[in-house]
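As structure tokens, the structure follows; a few thoughts come after it.
The values are calculated or read from the model by the stated rules, or taken from the named source; none is laboratory data. Predicted model, so just to flag it, every value in this text is computed and none were measured. Reconstructed Cβ throughout: ideal geometry from the backbone, glycine too, with neighbour counts over all protein chains shown.
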Amino acid sequence: MEPWQWSEAEWRGRVEKVRAGRSLKPATWPGGKRCAVALSFDSDHETNELRDGGVSIGRMSWGQYGHRVGVPKILEVLKREDVPATFFVPAVAALLYPDEQRRVVAEGHEIGLHGWIHELNSVLPEEVERDLHFRAAETLARITGTPPVGMRTPSWDFSPATLRIQRQMGLLYDSSLMADNDPYELVEAGEATGIVELPVEWIRDDAPYFNMNRFQALRPYTPPTAVLDIFLREFEGAHAEGGLFLLTMHPHVTGYRSRLFILEELIRAAKAKGDCWFATHADVARHCAREAGILRE
């Protein structure tokens, strides 16, 4: 049947499958801070090419740049500024570069789930998606020594089965959906799940501004200074509202000489406020869950 032929039960069922529930924006952030700043880096590396069955050496070398140059440069900035962050890592990328993941954890950062090979969940049978998520979790735990507590689905591709699988995994949070600016509780078919959503948005992601694909005539390009301006405006709005500023960046996108200053300037701007809490995604989710009385620990 075509969508215009669906019954009300059909279209309502699709809409209600996964919804934003109650707001989990806390009355206060730790230490009486006004705003939470959660920086994240999706360390996709070669999996962007591999997940499509690709064999392009050029595109895989671009992914290797993320490991070889991007992650070290980002870690240097975070260490210099004494700021924690979250790195979302596909299991295949973690297997390619296990020492990178151990360094990330040793320097005080979080590693979260980002699929097996950066697959698209919405095209997978549920049993396959479940197997990949569980295998990815086991792989990250084995490499880092710390079981992941949160997930960002690859390409933010969230299937009708993803939330059910996350509940089976006992995850604390997800960071793939866009129903709010601030944290909220995920609801599945009308049932509150206790899972914290830390919402993302393409506006607060470096990839749409800079990525290109010469074979698909994809040539988006925004000057780095303009991207910084957009991110700063998003931060200023979050600060004014006493909310969450969550930023998604990629080592193979931002880890360049002409772009890394965006991260540096954002950190400096937030520090200059004097009342921002820099935290990992897990720490933000835990605080929100505790304040809401739903933390499962």
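Of all residues being of a type in the set (D, E, K, R) and surrounded by fewer than 19 Cβ atoms within 10 Å (Cβ to Cβ) in the range 150-187, which is nearest to the chain's Cα centre (by Cα)? Just the residue, please.
To start, the set of residues in the range 150-187 that are of a type in the set (D, E, K, R) comprises 152, 157, 164, 167, 174, 180, 182, 185.
Checking which are surrounded by fewer than 19 Cβ atoms within 10 Å (Cβ to Cβ) leaves us with 157, 164, 167, 180.
Values: ASP157: 12, ARG164: 19, ARG167: 18, ASP180: 15 Å.
Top of the filtered list is ASP157.
Count, please, the residues in the range 82-138 that happen to be of a type in the set (Phe, Trp, Tyr), under 19 Å from the mean Cα position of the chain (by Cα) and within 30 Å of LEU266 (Cα to Cα).
Within the range 82-138, the first condition is being of a type in the set (Phe, Trp, Tyr), and the residues that meet it are 87-88, 97, 116, 134.
Now drop any that are not under 19 Å from the mean Cα position of the chain (by Cα), which leaves 87-88, 116, 134.
Now narrow it down to the ones that are within 30 Å of LEU266 (Cα to Cα): 87-88.
Going through the range 82-138 one residue at a time, the tally reaches 2.
Looking only at the range 191-217, count every residue that is surrounded by fewer than 19 Cβ atoms within 10 Å (Cβ to Cβ) and either assigned to a loop (DSSP other than H, G, I, E, B) or among the small types (Gly, Ala, Ser) (or both) and tell me the total.
10
Being surrounded by 14 or more Cβ atoms within 10 Å (Cβ to Cβ), more than 20 Å from SER175 (Cβ to Cβ) and at pLDDT 95 or above narrows it down to one of ARG19, ARG80, ARG68, so name that one.
ARG68
Is there a residue being without any contact (Cβ under 8 Å) to a residue 24 or more places away in the chain, closer than 21 Å to THR139 by Cα and among the charged types (D, E, K, R) anywhere in the range 88-100? Step through it out loud before you land on a result.
Narrowing the range 88-100 to residues without any contact (Cβ under 8 Å) to a residue 24 or more places away in the chain: 99.
Those still in the list that are closer than 21 Å to THR139 by Cα too: 99.
Applying the additional criterion that residues be among the charged types (D, E, K, R) yields 99.
Yes - at least one qualifying residue is present in the range 88-100.
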